[in-house]
Amino acid sequence: MILILTQCFPSRLGGIESLVSNLSVGLSKSERIIVFADRHHMFYDAIYDNNHKDEILVRRISGLKFFRQRRKIKEIKLLIESHKVKLIIADTWKSLELGIDYFNTKNIPSICLAHGNELLSNDLKKAQRIKNTLNKSTAVVANSLYTKKLVQELVKSTIIVDYVYPGANDLRNHKEHSLKEVNGEPVILTLARLEKRKSHAHIIHCIKKLLSDFPNIQYVIAGEGPEKRALQKLVNDKNLQNNVLFVGLVNDEQKKFLFERSSLMVMPTLDESKSRSIEGFGISYLEAAFFGIPSIASNVGGTPEAVINNSTGVIINNIDELYQSIHDLLVDENKRILFGENAQRRSHENFQWNTVTKKYKSIFDKVVNNS
């Protein structure tokens, strides 16, 4: 039996949620999986849990954070006393911290997943908590080589540290849910949380300049976040209401609709590591790649591992290169198609969830066998 401890799980949307969900379901083909997850939304959580009831058992814990964490650990201890638990996997150090000492006294190996942002902290006490928890775990599996290096700066050499690129959902066979306002030519897309490091504002500035060559261009911003109001104001100030569309959070069917109509995925993330914000990898580049869409990304964090420069897209070294990079790929259709084909082939070969799960399982098996 494998226990998975997570604060990030569907029906919540996000990269970690997708990773933990797909990993849980993938591992269930050969292991009994019990997921201890925070409750997000009673109705939608129940739909997810019912849809996957034949694969995994999901135990939802609700309430205030302090009590929720302790109730979760209390229930986990009861399972551990059954002597059937062989491994514990945590979505981040936060889910592992409270129970790690107990798990170690019971000689149950623990694996902590690492994604990037959660490893950064300007708070010295919190930074020490992160370091302590990682150093008590049996192994840490990062989502990129970049994140692995962040982890190695925090842990002792005796801790197993490895990395596996996350998978991405291939939505090509999903049904399509129309978003009628998407009608530009060309359409460029950013699918991400609305925060400064995602560079939406820089892309909006580029749209203004691109209008002279592409009067019908449409920039679709999919996602929600703290920068939404500032971005909407910028669009109004630049009189781009007809060229920039905010569609909010999108489900898989709506994502398919957007990918089917987009020419480029553009998300050149900024280095906000001093503000505890960095891109550890970038699953949305891969989701777009399944549709033959190349991406424009930046040489920051783990994104150069998600997008291969001059092969599956373009990596810019400076945000000042963004306009020209977008312009050149929109003008050069042959290059855009070539990059898209490369991106699609790479995603199909390396980032399908069954392929990715096998890589995770190989590491998990080694940890269990060596414990």
Scanning the range 194-204 for residues that are in contact (Cβ under 8 Å) with a residue 40 or more places away in the chain and surrounded by fewer than 22 Cβ atoms within 10 Å (Cβ to Cβ) gives E195, K196, H202, I204
Wholly within the range 284-371, helices (runs of 4 or more DSSP H) carrying at least 2 residues that are closer than 30 Å to I159 by Cα = 303-306, 353-370
Of the conditions (1) under 27 Å from F66 (Cα atoms); (2) surrounded by fewer than 15 Cβ atoms within 10 Å (Cβ to Cβ); (3) without any contact (Cβ under 8 Å) to a residue 24 or more places away in the chain, K180 clears all except one; give me its number.
-> (1)
Give the residue, chosen from G313, G340, that is free of Cβ contacts under 8 Å to residues at least 60 places away in the same chain, over 22 Å from S144 (Cβ atoms) and crowded, with 19+ Cβ neighbours inside 10 Å.
-> G340
Number of positions in the range 347-371 that are buried (at least 17 other Cβ atoms within 10 Å of the Cβ), within 21 Å of the chain's Cα centre (by Cα) and not polar (S, T, N, Q) | 6
Out of N243, N236, N251, report the one residue that is over 18 Å from I319 (Cα atoms) and crowded, with 17+ Cβ neighbours inside 10 Å.
-> N243
Residue among A230, A201 that is touching an Asp or Glu at 6+ places or on another chain (Cβ under 8 Å) and assigned to a helix (DSSP H, G or I) | A201
Could you check how many residues of the range 304-340 are among the polar types (S, T, N, Q), within 20 Å of K209 (Cβ to Cβ) and touching a strand residue (DSSP E or B) at 6+ places or on another chain (Cβ under 7 Å)?
-> 1
Check L145 against each of (1) touching a helix residue (DSSP H, G or I) at 6+ places or on another chain (Cβ under 7 Å); (2) crowded, with 19+ Cβ neighbours inside 10 Å; (3) touching a residue at least 40 places away in the same chain (Cβ under 8 Å); (4) within 20 Å of A297 (Cα to Cα) and name the one condition it does not meet.
-> (2)
First in the range 1-19 and touching a residue at least 60 places away in the same chain (Cβ under 8 Å) and under 11 Å from L113 (Cβ atoms), second anywhere and small (G, A, S) and surrounded by fewer than 22 Cβ atoms within 10 Å (Cβ to Cβ), Cβ under 8 Å, 6 or more apart = C8/G14
Six or more apart or on different chains, Cβ under 6 Å: which pairs go from a residue in the range 229-241 that's assigned by TED's automatic domain parsing to the domain that holds I204 to one that's outside any helix (DSSP H, G or I)? Could you list them?
-> V235/V244
Among the residues of the range 15-41, write down those that are surrounded by fewer than 21 Cβ atoms within 10 Å (Cβ to Cβ) and touching a Cys at 6+ places or on another chain (Cβ under 6 Å).
-> E17
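The values are calculated or read from the model by the stated rules, or taken from the named source; none is laboratory data. Computed from a predicted structure; not experimentally measured. All Cβ positions, even for glycine, are placed from backbone atoms using ideal geometry, and neighbour counts span all protein chains on display.
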